Amino acid sequence: MQNAGSDDDLLEWYPSQVKGPVDDEVQEADLISTIEFNENGELLAVGDKGGRIVVFQREQQTKTSPRRNEYNVYITFHSHEPEFDYLKSLEIEEKINQIRWLKRKNPAHFLLSTNDKTVKLWKISEKTKRAEGFNLRDDNGIIRSTNSITNLRIPIIKPMELMVEATPKRVFSNAHTYHINSISLNSDQETFLSADDLRINLWHTEVTNQSFNIVDIKPPNMEDLTEVITGAEFHPRECNLFVYSSSRGIIRLCDMRQSALCDRHCKIFEEPEDPTTRSFFSEIISSISDIKFSHSGRYMLTRDFLNLKVWDLQMDNRPVETYPIHEYLRTKLCALYENDCIFDKFECCWSPRDNHLLTGSYHNLFKITSRLTRKDAIFEASREQAIRPRQLLKAKKVMPSARRNRRDEINTDTLEFSKKILHCAYHPTDNIIAIATAHNLFTYIAKDSSSLSS
């Protein structure tokens, strides 16, 4: 495996910001569970296990600060509360599983957020003016006695200090028996899908009391169940196409024009298993934890436990590109199985021009891969980077023979599996990436982000 940080095609990165508590001992509710840029990258939403969403806004351009690289808190609100399913005697966590932004149509912003059972549509808006001089209530909102009104006043609009508020507009609930693992907004911006382990439902953003079940893989006898759905996503341009991935490493492409129930896929993407590498862990590590369409819509990017794979929609028998992420862990699968890390769900993402790929690993490492040269660079997310914000990140090498006195080398036996980067996001237009460790959010900017090269 090559780890190059100085290649012309591989961007060099500066640490930009570190958000979150300094102390490692934090409550579980503060653990980051999802991150997502909006369509132009001006906003970055972060969800946590406590049901909160923090939205960061990119700083505005000024004469003294022409390059807008920092994100500051825009609004914080509670999206989901813990609930209890009395029929099944189960607690429903408030943890935010996914966030998806809608394209902006007016001054307000809209986003979808979901926990295990309920999807919510939120409106985020700004208030800079207020009305004063009402007849039936005073300026504090207290109702006035009609006997005290001696003349009629015309309310006037006055400027006020900026106030950002989040308002729940729709609640989509009671449609999933199993835990929701993904939501995806259609390119028509009117419908979205929500997927759990066995079913995928189609919703309209204006209708909360009705959804259409478009995929159902639940067998009549649950003992015959061989796989579960791990993720689903709409095609970025064709509103009738969507894909869903499974725990067997299979991707199915469905066309909603063919039938109302898309149990019969129009194309299946599956790589033949190599019998020489088959082991007890083969099925577990082949499970797809994340799937993303490229911006062009021609390719799909999938992440399983050990690899990133790029699939061409025109070729279903094997991926066109395969990139090992941490092949050095293949000999440690038994230990990873015992501590449950083998079931971790790593995310992946494309760069704005689909030329680079980003994903995370253990020991707070993340990897950026060039599709052009097929070379990669491994970096470590560390709070120390906040102390030296203008110092370029140095690529790391992970190997069994790593020397202790070399800061750029990490021994495979010293990897900390409790430190992991599961969530990552790439800015939709600029070379800015967001990386989430357990409770810290890191942002990085490429050395020359003014001339976008990815």
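Data overview
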| read-out | value |
| --- | --- |
| Filter result for the condition that a residue is surrounded by 15 or more Cβ atoms within 10 Å (Cβ to Cβ) and either modelled with pLDDT of 90 or more or in a helix (DSSP H, G or I) (or both), over Gly5, Gly47 | Gly47 |
| Members of the stretch 134-175 that are under 30 Å from Phe56 (Cα atoms), over 29 Å from the mean Cα position of the chain (by Cα) and open to solvent by less than 60 Å² (accessible area, probe 1.4 Å) | Met160 |
| Criterion: in a loop (DSSP other than H, G, I, E, B) and under 22 Å from Thr114 (Cβ atoms) - qualifying residue of Ser296, Ser245, Ser287 | Ser287 |
| Residue in the stretch 400-412 that is surrounded by 17 or more Cβ atoms within 10 Å (Cβ to Cβ), under 17 Å from Leu357 (Cα atoms) and modelled with pLDDT under 95 present | no |
| Restricting the stretch 370-414 to residues that are hydrophobic (A, V, I, L, M, F, W, C) and in contact with a helix residue (DSSP H, G or I) (Cβ under 8 Å, 6 or more places away or on another chain), the residue that is nearest to Gln57 (Cα to Cα) | Leu393 |
| Top-ranked residue in the stretch 294-305 [being open to solvent by less than 20 Å² (accessible area, probe 1.4 Å) and not hydroxyl-bearing (Ser, Thr, Tyr); ranked as farthest from Arg353 (Cα to Cα)] | Phe305 |
| Hey, Ile368 more than 26 Å from Lys49 (Cα to Cα), within 24 Å of the chain's Cα centre (by Cα), of a type outside the set (Ser, Thr, Tyr) and surrounded by 17 or more Cβ atoms within 10 Å (Cβ to Cβ) or not | yes |
| Tally, over the stretch 187-196, of residues that are among the charged types (D, E, K, R) and either in contact with a Leu (Cβ under 9 Å, 6 or more places away or on another chain) or open to solvent by less than 30 Å² (accessible area, probe 1.4 Å) (or both) | 1 |
| Some residue of the stretch 177-186 being at pLDDT 95 or above, open to solvent by less than 60 Å² (accessible area, probe 1.4 Å) and either of a type in the set (D, E, K, R) or more than 21 Å from Glu94 (Cα to Cα) (or both) | yes |
| Residue check for Arg130: free of Cβ contacts under 8 Å to residues at least 40 places away in the same chain, over 30 Å from Ser296 (Cα atoms) and not hydrophobic (A, V, I, L, M, F, W, C) | yes |
| Test for Phe77: is it under 19 Å from the mean Cα position of the chain (by Cα), over 25 Å from Phe346 (Cβ atoms) and in a strand (DSSP E or B) | yes |
| Sole exception among (1) in contact with a Phe, Trp or Tyr (Cβ under 9 Å, 6 or more places away or on another chain); (2) within 24 Å of Ile421 (Cα to Cα); (3) open to solvent by less than 20 Å² (accessible area, probe 1.4 Å) for Cys262, by number | (2) |
| The lone exception for Ser351 - which of (1) open to solvent by less than 40 Å² (accessible area, probe 1.4 Å); (2) within 19 Å of Phe280 (Cα to Cα); (3) among the hydroxyl-bearing types (Ser, Thr, Tyr) it fails | (2) |
| Any chance Cys254 is surrounded by 16 or more Cβ atoms within 10 Å (Cβ to Cβ), of a type outside the set (D, E, K, R) and farther than 20 Å from Asn307 by Cβ | yes |
| Tabulated pairs, the stretch 214-239, first within 16 Å of His176 (Cα to Cα) and of a type in the set (Lys, Arg), second part of a loop (DSSP other than H, G, I, E, B) and at pLDDT below 95, C-beta under 8 angstrom, 6+ apart or interchain | Lys218/Leu225 |
| Leading residue by the ranking (nearest to the chain's Cα centre (by Cα)) among those in the stretch 335-365 that are aliphatic (A, V, I, L, M) and closer than 15 Å to Leu301 by Cβ | Leu358 |
| Contacts under 6 angstrom Cβ, first residue in the stretch 298-317 being over 14 Å from Val243 (Cβ atoms) and free of Cβ contacts under 8 Å to residues at least 24 places away in the same chain, partner open to solvent by 10 Å² or more (accessible area, probe 1.4 Å) and part of a strand (DSSP E or B), 6 or more apart | Asn307/Thr322; Asn307/Pro324 |
| The lone exception for Pro319 - which of (1) of a type outside the set (A, V, I, L, M); (2) surrounded by fewer than 17 Cβ atoms within 10 Å (Cβ to Cβ); (3) not in a helix (DSSP H, G or I) it fails | (2) |
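For (1) of a type in the set (Phe, Trp, Tyr); (2) open to solvent by 90 Å² or more (accessible area, probe 1.4 Å); (3) modelled with pLDDT of 90 or more; (4) within 17 Å of the chain's Cα centre (by Cα), each residue gets a yes or a no:
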| position | (1), (2), (3), (4) |
| --- | --- |
| Met1 | no, yes, no, no |
| Trp13 | yes, no, yes, no |
| Pro21 | no, no, no, no |
| Asn40 | no, no, yes, yes |
| Lys63 | no, yes, no, no |
| Tyr86 | yes, yes, no, no |
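The values are calculated or read from the model by the stated rules, or taken from the named source; none is laboratory data. Since we're looking at a predicted model, the values are computed, not measured. Ideal geometry is used to build each Cβ from the backbone, glycine not excepted, and the neighbour counts take in all protein chains shown. Areas reflect the complete protein model, heavy atoms only, side chains present, ligands, DNA and RNA absent. Shrake-Rupley method; radii C 1.70, N 1.55, O 1.52, S 1.80 Å.
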